[in-house]
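*Asks:* Mind looking over this structure? Questions follow.
The values are calculated or read from the model by the stated rules, or taken from the named source; none is laboratory data. These figures come from a predicted structure and were not determined experimentally. Please note: Cβ atoms are built from the backbone with ideal geometry, for glycine as well, and neighbour counts cover all protein chains shown. Note: accessible area is taken over every heavy atom of the protein model, side chains too, but ligands, DNA and RNA are not part of it. Shrake-Rupley method; radii C 1.70, N 1.55, O 1.52, S 1.80 Å.
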Amino acid sequence: MSSQEEILSDGRFSRITRDPRFWEMPEKERKVKIDKRFRAMFHDKKFKLKYTVDKRGRPVNYTSTENLRKFYALSESDSDLSESDSKEHTDKKKKKKKGKPKGQTDS
């Protein structure tokens, strides 16, 4: 196969480098920006599916949450809110699990 440089130096394909249809999309623009109303989909159990096989039947081990993070991003003003909310969400879980020691009862 020819190298990338040889293809671009060919007169038939020289306009590809100048045509915006063939430019790679910037990483900032790849993800769809969503606002705080939809941030629950990143940590809510209703949105989480565990895949065992892909669309071609090959075994895989990932969840739909990983796909959501790949294609969606919180808007800039909400991203710092989501980080603090996720920390609070994990802190609440830890507090709920602590509970009372086994030997003590309510009086």
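*Asks:* Kindly report the accessible area of the stretch 25-79 per residue (heavy atoms of protein chains, probe 1.4 Å, no ligands, DNA or RNA), in Å². Numbers along the way, then the final one.
*Replies:* Details: 4710 Å² over 55 residues.
So the stretch 25-79 comes to 86 Å² accessible per residue, rounded to a whole number.
*Asks:* Taking amide H positions as placed in the peptide plane 1.01 Å from N, state which residues far from K31 in sequence (5 or more) or on other chains have amide H under 5 Å from it.
*Replies:* none
*Asks:* Between E6 and Y62, with labels modelled 7 Å along Cα→Cβ, what's the label distance in nm to one decimal, could you check?
*Replies:* 3.4
*Asks:* Using only the alpha carbons of the stretch 25-79, what is the convex hull's orientation-averaged projected area in square nanometres?
*Replies:* On the way: hull surface 19.1 nm².
Over all viewing directions, the stretch 25-79 projects a mean Cα-hull area of 4.8 nm².
*Asks:* Another question, then. Say each of K70 and K45 gets a label point 7 Å from the Cα, pointing the same way as Cα to Cβ; how far apart are those two points in nm?
*Replies:* 2.6
*Asks:* Using a probe of 1.4 angstrom, how much of the accessible area of the stretch 25-79 is carbon and sulfur, in percent?
*Replies:* 55
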